Amino acid sequence: MKKSENSSDPTNARYNSLQLQCYEQRKEINRLNEHVTQLENRLRALWDKLEGERKYYMEHLQLNEELVSEIDRENERLKEQNKRQNEAIDSLREMYAKEAKP
């Protein structure tokens, strides 16, 4: 077979057409793979950012819970102190009331 006969061969033309289609599809697959990689990287970056923010807020939430507990303890201590002071005041009032009676 001569070279000119090869190019007009329908099998060869079909083969060349399929090769071109495969080449174009491979280029598109590569482009899409690159896009997927970019999306994965963006997603990973967003996930890392959200994870960092979650950790930050969880730490602050824990600190706030500790502060609330500390405030509650201080409030209870002040209630007890106030109760003792009121008892002392009541006791002094009773004592002065007894002394004031003729």
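The values are calculated or read from the model by the stated rules, or taken from the named source; none is laboratory data. None of these values were measured; they are calculated from a predicted model. Methodologically, a virtual Cβ is constructed for each residue, glycine included, from the backbone with ideal geometry; neighbour enumeration extends over all protein chains shown. Heads up: the accessible areas ignore ligands, DNA and RNA and are worked out on the full protein's heavy atoms, side chains in. Shrake-Rupley method; radii C 1.70, N 1.55, O 1.52, S 1.80 Å.
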Please tell me if L32 is open to solvent by less than 90 Å² (accessible area, probe 1.4 Å) and more than 12 Å from the chain's Cα centre (by Cα). yes
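Of the residues that make up region 7-19, is at least one in contact with a Ser or Thr (Cβ under 8 Å, 6 or more places away or on another chain), modelled with pLDDT under 95 and surrounded by 10 or more Cβ atoms within 10 Å (Cβ to Cβ)? Full working, then the answer.
Of the residues in region 7-19, the ones in contact with a Ser or Thr (Cβ under 8 Å, 6 or more places away or on another chain) are 13.
Retained after the next criterion (residues that are modelled with pLDDT under 95): 13.
Of the ones still in play, those that are also surrounded by 10 or more Cβ atoms within 10 Å (Cβ to Cβ) are 13.
Yes, the conditions are met somewhere in region 7-19.
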Find all pairs meeting these conditions: Cβ atoms under 9 angstrom apart; at least six residues apart or on different chains; first residue within region 35-54 and open to solvent by 100 Å² or more (accessible area, probe 1.4 Å); second residue part of a helix (DSSP H, G or I). none
